[in-house]
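One structure is given below, encoded as structure tokens.
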Amino acid sequence: MERNDQDLAFMLKYENVAWYDKSAALVRILDRRVYPGKLRYLECSDYREVIKAIRDMVTQSGGPYIAAAMAMALASRQILGQAKNATDFEKKIDAAAAELSRARPTTVEKMAHITQECAKVAKAAMAAGKAPDDAVFLHNIEVINRRYAKSAAEAVHLVGQFPGRGTVMTQCFAETIVGTMLRECRAVGKEIKFICPETRPFFQGARLTASVIQDMGFEVTVITDNMPGYTMKAKRVDLFTSAADVICMDGHIVNKVGTFQIALAASYWGIPYFVNGSPNPRHPTVDTVTIEERSQSDVLEAMGRRTAMEGVKGFYPAFDITPPKLCDGVVTDKGIFSPFDLPRYYRESGGK
């Protein structure tokens, strides 16, 4: 099988996101909390350990979806050794899928689709007398390949909005779209410099996005999270782009907290903002999304070191909501759509 991670940065290679190792009976996940300072993998021998890894932010952005899918291969193996019969296997694999889908509250619907599909594959393999973990693993590789191909198609449309030579600001870590965007820039000969806000409290922009951009040979500058408004004008930013954890059908964008304020600044300066991803029909309106609030301790420290006095309180909403009027277009694999007309994305593809 030809893999769609060719020519992408180290941390975007399939094995360096999350990987089911059948011989060792575990899921190996690159620990993005410490990369690139340290190259460390978390090894999970139980699918519930993968749930904890996702909750603990061992992997972020698109990483949790791959980790959960690989965890379903591991769960298939675990449950096969525990199940009393085929009916018991089906019951337990469905339960594992449900557990994994709830690892983080804001992405339950999207995660559930992934884990439920894995459960269907496992049950079909079981019924056919085949190893369910092998079937789930092969299914996952096909899905990941399609996902990377979809990101590559999005990148074509996104890079089409870039100038021939200019500056682009990103937000958080847009995973595969970052790599495919850079690959497309190289393919069409566009000379782009990138600016990445650091993305507290886990510094995904500084550690992950900037690392991928540097790894792929493009100039990148990191700024703190309170600098985008000034920097956009001072550095003559041409375009702001981000991915999204959820793009609601009503055009609201749910993404890493801080996206809203950068979109506001972009609007003020007349800089276009394009979000990447497919609108999610499971979220017809933004009020169907649960905004995750994480531990206040995460904002009272930086890279494990306390920065605020004991007794000071913290508040950490992991995501914020950008209204459609601040977005110039939703970049999909089928083209760029107005955030006010997202149902057209599905009408033009026969509901798919």
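Worth a mention:
- Across LYS150/LYS190; LYS193/LYS334; LYS110/LYS235; LYS22/LYS52; LYS190/LYS233; LYS38/LYS256, pairs whose alpha-carbon gap is larger than 28 Å: LYS110/LYS235
- Reported label for calculated Kirkwood radius over Cα pairs in Å given (i) 19.7; (ii) 23.6; (iii) 20.9: (iii)
- Here the range 160-347 has an Rg and Dmax of 16.7, 54 Å, counting Cα atoms alone.
- Helix axis angle, 108-127 relative to the chain longest principal axis, alpha carbon, degrees: 30 degrees
- Using a Förster distance of 51 Å, the FRET efficiency for ALA187-ALA131 (Cβ separation, nearest 0.05): 0.80
- Using a cutoff of 8 angstrom between alpha carbon atoms and counting only pairs six or more residues apart, the relative contact order for the chain works out to 14 percent.
- Among GLY311, GLY335, GLY160, residue whose mean-square fluctuation peaks in a GNM of the chain (springs only between Cα atoms under 10 Å): GLY311
- Extension gain, ALA124 back to SER297 (0.36 nm per residue minus Cα-Cα distance, nm): 57.9 nm
- Relative to the longest principal axis of the Cα atoms of the chain, the long axis of helix 63-82 lies at roughly 10 degrees.
- Over the range 160-347, Cα pairs under 8 Å with separation of 6+ residues give a relative contact order of 21 percent.
- If you take the Cα centroid of the range 162-207 and the Cα centroid of the range 293-323, the two points sit 26 Å apart.
- Near ILE271, no amide H atom lies under 5 Å from its own; only residues 5 or more places off or on other chains count, and H is placed 1.01 Å from N.
- Look at the dipole of the range 10-149 built from charges on Cβ: of VAL108, CYS118, ALA83, the Cα furthest out on the positive end belongs to VAL108.
A short reminder: the numbers here are calculations on the coordinates, not readings from a lab. From a predicted model like this one, the values you see are computed outputs, not experimental measurements. Neighbour counts are summed over all protein chains in view; Cβ atoms, including those assigned to glycine, are modelled from backbone coordinates with ideal geometry.
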